[in-house]
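Here's the structure we're looking at; comments come further down.
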Amino acid sequence: MKETRLGEFEEVILLLAGILGEEAYAFKIADEFESQTGRAVSIGAVHSTLERLEGKGFLKSEMGKSTAERGGRRKRIFTLTAFGKKVLKESRDFKMSLWQQYPAFATDKLNIA
Amino acid sequence: MNSRPNTSPPFAQRVLLYILRADLAEEVLGDLEEKFQETLKTKSPFRAKLNYWYQALHYLRPFAMRKTKISSYIYSALFQNYVKVGFRNILKYKVFSFINLFGLAVAMSVCMLIILMLADQHRYDQFHDKKDRVYRILSDYDNSRQSYATSPFPLASALKENYPIMQETTHLTPGVGGDAIYQQKLVDMRGYFAAPSFFRVFSFTLEKGDAKTALMSPNSMVISSALAYDLFNDEDPIGKTIDFADRKLPFPLDYDGIGSSPFSWGSFTITGVIDQNKYKSHLKFDVLVSASSMPALYVDHKIPDQSNDWEQFFRTYTYVLLEDGKHIDELNASLKDFTDRTYADIKSEQTKNFKLSAQPLSDIQLGLMGNDTNSRLPRIGYYFLGFLAAIIMLSASLNYTNLSIARALTRAKEIGVRKVTGANKKSLVFQFLSESIIVSLLALVLAFGFLLLIAPAFKGLWVNQYLNFELPQSISVYVIFIGFAVLIGVIAGAYPALHLSGYQPVKVLKNMSGSNPGRMGIRKFLSVSQFVMSLFFIVTSILVFNQFRHFMKFDYGFSSKNMINVELQGADYLKVSNELGSVSGVMDVSASDIIPATGTNNGIDLRETGTDAEFTHGNILLTDQNFVNNLDIKIIAGSPLSTAGESDRFILLNETAVKELGYQSSKDVIGQTFDTKWGNETLEVVGVVKDFHYRLLLNSGVIQPLVLRNKPEHFNFLNIRITSAEPMATIARLEAKWKRIDPIHPFQYKFYDDELSSTHQAIFDLVAILGFIAFLAIVIACLGLLGMATYTAERKTKEVGIRKVLGAGGFSIAYMLSKEFINVLIISVLIGAPLSYVVNNLWLQMLANRVEFGFGTVLLGTFVLLLLGFITIGSLAIRASKSNPVDALKME
């Protein structure tokens, strides 16, 4: 039976892959991750996560175009599968429901930074 | 990653390609390339490359790596099993393990010693910041035996002016050696003239003073902190003025000094202090005198003016610092261009085909040149020692190989079972190799213990006072040791691993005796070669020892017994000889310019007055009238030299000179006059002395012509013969007397006998080294033999039992067990004896005054070898033959 849970890092990567669309390949995702979160990450770490997500069926991939700055090598573009989108949505809905059960949130006195 | 700053490191790419899954390679390399190009926009190429490596190493993840057939878990379990079986085997066969471990450890410790020596030498001159760009300029001309470390004096400035690739050049010129005097205190001081650029090329830093200006102005000096302490104690030396009187003390090579009388150079200001103990460098000095002091000294002829002399290249050391990124080839091209232009119209014998070449700073310590700045072991010495160590190591590895093959039978079943249960050949090879590596790593531990014993012994060798090996140990050396041990493990285990893993499981499991326990051919060959080597070493060390004894007992033709040679150190010879001659215990006193047979010789060319015959070349010894008598040299015709002052044109000849000059009898030559080639003097022969050896025994077999002449102004030594009773008391009285004549310089004397024997002391070191190696070689070979014999005896326990029961005698059983090994010994002697005779004769023939090398020496060596060999096998055979047959037959 395949693991279908989504970890925090995985979720971010999955979201970033969705955001980048046509440009979603390991280097760009790592780059985007660094600029959005300000945290350093190695391309290898991102790549391994992408691979794992693909294994879980959240992503699919195919080889894309090659460019000069890559030394003429092609890139692997990752796209969200329907299942992936569903998992993301479920994750968001689940959190939203949690937030809504949190009374401090409703009164807008949220004290967590 | 050197010249192309904008490409990703190719090695990292190769590593990636090796570890990555094939289908991932393209995208990963592409991603990393993109990352690299982006990093390059904001960071330095170096940082970008570093980042590339960082990214590449982060791909060492399970998902990205190539899949191997067996997963790594099984591998590690297998490996654990190998280690376990390896250790069990070591413990189970204690005798074999001991033989292997001990042999390997002994050999390894010798190799480790050499690794330490090399590591020690590699630490020299590593502290210079720009060491990769600093070169020393070497000189060479036609017919020279090796390049000189020195070069013409004006070279440094000329190179700097003409070639922009030289960022900086500097020269070091010896010629400073004498007394430094500060407030009645007098200290010996030796060093170089140096320019301010010295501190720009080298990274010596000053403890006190400013390196930029220290060597700028005339009459300034940078001194070593040891000298500073001797002169000023704890006072601050900077700005102090000292007087300096040069005595032409030899420098940089510190052979036994013959200083001339002190000659004042005036006063100097101390501008800097260097702590020499902080640096390991091929440059050692007490003092650097600013080169700008030189012109004033030229004027008074205190030092020779070489500022425009391109023909003399025997004194100055020139160093250049290349511009960043320039290559040694460009430097050599510049040097060639320079010599082509400069030497086109200099026609002198010593600059014929003159060549300059560059030597990288880091190569200097191992690349000894002529005229070099200190004495150290030349490269050939390392080759020699390395060769000896390699032979010992090989011999020990052969033991391992040999015993492993022999024991194959015992292990055949294990191999069969492993194969049946699925081990392939590769994993068996891996198993046996890991076993041999375990053994060699254990041997390394033992070897380390041996090293602690032999390293001090090596440091205590006589030659080491000149070579200064310190043999420090560091992490990197340990890493090399471990790498070395693994390598030895692989070498020793390679053959058995391949051989054993090739067994066919069905055969070895069905019928054990059907498998062949290693062809005896190979094992015999290995054993024989070990004993041939051993025999060779034994014979060689006996021979070298004989040669050493021959030198020690050599009859020079004069008497050196109870003779001490006292350095005059510039003092007046007549005064000193009168004073010291009156001391009680002194029998006789004479004087000479050099000490015969200790290495120094001066030449002279003579021909009969009034003829234009060829000059006859000979040597000249300047002595007083008493010398011949004092040293017991026989006068066979004429009279001794007359006293100084009467006439210094009288000479004595030796017998050889008489013959070479074309005279039949010694009497004919008396009264003849001769012209000298240099100086145009006319000399008259007053007597002839019997031939005696006055040159180094190592170098000269035949005695050459010799002239003795009385020239007191050149005397450097007093030869004092003392009574044999209480020599030290006499010397103490001499020293007390000397203090009254020269209160400044210490009394310096040597026993002539010691001086003569010290010229062969190096040979004794060779005896010690060779003897040690021979000892190790024979011990290792005998251990190997012991192992084989033990094994055979074990295997034949039952056979011996049955034979005994059937009535065989002890002798016939001992013979049966050992005949194979006796054969090995006999074959070894048959090959080794002639070999060692022929090879040793090759070098012996080149030696002058050689010892008799007959079959006696070879026989003695053979006897030693056979004795040790027979003791080894004999003891085992006898034990086996005496054992109770019941025990043997019960065993199952």
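The values are calculated or read from the model by the stated rules, or taken from the named source; none is laboratory data. Quick caveat, the model's predicted, so the values are computed rather than measured. Cβ coordinates were reconstructed from backbone atoms using ideal geometry, including for glycine residues, and neighbour counts include every protein chain displayed.
The residues of segment B:26-63 that are assigned to a loop (DSSP other than H, G, I, E, B), under 15 Å from A:VAL41 (Cα atoms) and more than 7 Å from every other protein chain (Cβ to nearest Cβ) amount to a single one, B:LEU60. Being touching a Lys or Arg at 6+ places or on another chain (Cβ under 7 Å) and either of a type outside the set (D, E, K, R) or not in a helix (DSSP H, G or I) (or both) holds for only one residue in B:ILE813, B:ILE802, B:ILE826, B:ILE878, and it is B:ILE813.
May I ask you to say which residue of B:LEU441, B:LEU446 is under 14 Å from B:LEU101 (Cβ atoms), more than 25 Å from the chain's Cα centre (by Cα), surrounded by fewer than 18 Cβ atoms within 10 Å (Cβ to Cβ) and free of Cβ contacts under 8 Å to residues at least 60 places away in the same chain? Break it down stepwise before answering.
Numbers: B:LEU446 fails: free of Cβ contacts under 8 Å to residues at least 60 places away in the same chain.
Testing whether each residue is under 14 Å from B:LEU101 (Cβ atoms), more than 25 Å from the chain's Cα centre (by Cα), surrounded by fewer than 18 Cβ atoms within 10 Å (Cβ to Cβ) and free of Cβ contacts under 8 Å to residues at least 60 places away in the same chain leaves just B:LEU441.
Looking at B:THR213 and the list (1) out of contact with any Leu (no Cβ under 6 Å at 6 or more places or on another chain); (2) buried (at least 18 other Cβ atoms within 10 Å of the Cβ), which single condition is not satisfied? All conditions pass for B:THR213, except number (2). What tally of residues in segment B:19-47 results from selecting those that are free of Cβ contacts under 8 Å to residues at least 40 places away in the same chain and out of contact with any strand residue (DSSP E or B) (no Cβ under 9 Å at 6 or more places or on another chain)? Of the residues in that region, 16 qualify. Restricting attention to segment B:142-189, the residues that are touching a Gly at 6+ places or on another chain (Cβ under 6 Å) and assigned to a loop (DSSP other than H, G, I, E, B) add up to 1.
Within segment B:782-796, being in a helix (DSSP H, G or I) and either charged (D, E, K, R) or surrounded by fewer than 16 Cβ atoms within 10 Å (Cβ to Cβ) (or both) holds for B:GLU794, B:ARG795. Residue count for segment A:30-44, restricted to those that are within 13 Å of chain B (Cβ to nearest Cβ) and free of Cβ contacts under 8 Å to residues at least 12 places away in the same chain: 6. Among the residues here, B:ASN716 qualifies as closer than 17 Å to B:ALA591 by Cα and either under 39 Å from the mean Cα position of the chain (by Cα) or not assigned by TED's automatic domain parsing to the domain that holds B:THR600 (or both).
Only residues that are closer than 15 Å to B:TRP462 by Cβ and either of a type in the set (S, T, N, Q) or assigned to a helix (DSSP H, G or I) (or both) were counted in segment B:725-770, giving 16. Given the conditions (1) free of Cβ contacts under 8 Å to residues at least 60 places away in the same chain; (2) outside any loop (DSSP other than H, G, I, E, B); (3) at negative phi, report the number of the one that B:GLY266 does not fulfil. If we test B:GLY266 against (1) free of Cβ contacts under 8 Å to residues at least 60 places away in the same chain; (2) outside any loop (DSSP other than H, G, I, E, B); (3) at negative phi, just (3) comes out false. The strands (runs of 3 or more DSSP E) located wholly in segment B:570-681 that include 1 or more residues which are surrounded by fewer than 16 Cβ atoms within 10 Å (Cβ to Cβ) and under 43 Å from the mean Cα position of the chain (by Cα) occupy B:586-592, B:602-608, B:616-622. Within segment B:632-650, is even one residue in the same structural domain as B:LEU734 (by TED's automatic domain parsing), of a type in the set (Asp, Glu) and more than 30 Å from B:ALA762 (Cα to Cα)? So far as segment B:632-650 goes, yes, one or more of its residues are in the same structural domain as B:LEU734 (by TED's automatic domain parsing), of a type in the set (Asp, Glu) and more than 30 Å from B:ALA762 (Cα to Cα). Residue pairs whose Cβ atoms lie under 7 Å apart, separated by 6 or more positions or on different chains, with the first residue in segment A:74-87 and more than 11 Å from chain B (Cβ to nearest Cβ) and surrounded by 22 or more Cβ atoms within 10 Å (Cβ to Cβ) and the second outside any helix (DSSP H, G or I) and among the aromatic types (Phe, Trp, Tyr), are A:GLY84/A:PHE58; A:VAL87/A:PHE58. Can you spot a residue in segment B:487-501 that is part of a loop (DSSP other than H, G, I, E, B) and not hydrophobic (A, V, I, L, M, F, W, C)? No: segment B:487-501 contains no residue that is part of a loop (DSSP other than H, G, I, E, B) and not hydrophobic (A, V, I, L, M, F, W, C).
Residues are listed down the side, and each one gets a yes or a no for (1) at negative phi; (2) more than 32 Å from the chain's Cα centre (by Cα):
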{"position": "B:ASP140", "(1), (2)": "yes, no"}
{"position": "B:TYR148", "(1), (2)": "yes, no"}
{"position": "B:THR170", "(1), (2)": "yes, no"}
{"position": "B:GLN184", "(1), (2)": "no, yes"}
{"position": "B:PRO196", "(1), (2)": "yes, yes"}
{"position": "B:LYS208", "(1), (2)": "yes, yes"}
{"position": "B:LEU215", "(1), (2)": "yes, yes"}
{"position": "B:SER224", "(1), (2)": "yes, no"}
{"position": "B:LEU227", "(1), (2)": "yes, no"}
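So for segment A:60-71 (the condition being at the interface with chain B (Cβ under 8 Å from one of its Cβ atoms), of a type in the set (D, E, K, R) and under 12 Å from B:GLY30 (Cα atoms)), does at least one residue qualify? Scanning segment A:60-71, I find at least one residue that is at the interface with chain B (Cβ under 8 Å from one of its Cβ atoms), of a type in the set (D, E, K, R) and under 12 Å from B:GLY30 (Cα atoms), so the answer is yes. Looking across segment B:314-326 at every residue that is farther than 24 Å from B:GLN146 by Cβ and at pLDDT 90 or above, the one that is farthest from the chain's Cα centre (by Cα) is identified as B:GLU323. Of all residues in segment B:99-122, none satisfies being surrounded by 15 or more Cβ atoms within 10 Å (Cβ to Cβ) and within 14 Å of chain A (Cβ to nearest Cβ). Here is the figure for segment B:190-242: residues that are within 26 Å of B:TYR135 (Cα to Cα), touching a residue at least 24 places away in the same chain (Cβ under 8 Å) and not in a loop (DSSP other than H, G, I, E, B) total 14.
To keep it simple, each residue is scored yes or no on (1) in the same structural domain as B:HIS693 (by TED's automatic domain parsing); (2) in contact (Cβ under 8 Å) with a residue 24 or more places away in the chain; (3) closer than 27 Å to B:SER757 by Cα.
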site: B:ASN562; (1), (2), (3): no, yes, yes
site: B:LEU574; (1), (2), (3): yes, yes, no
site: B:PHE615; (1), (2), (3): yes, yes, no
site: B:GLY618; (1), (2), (3): yes, yes, yes
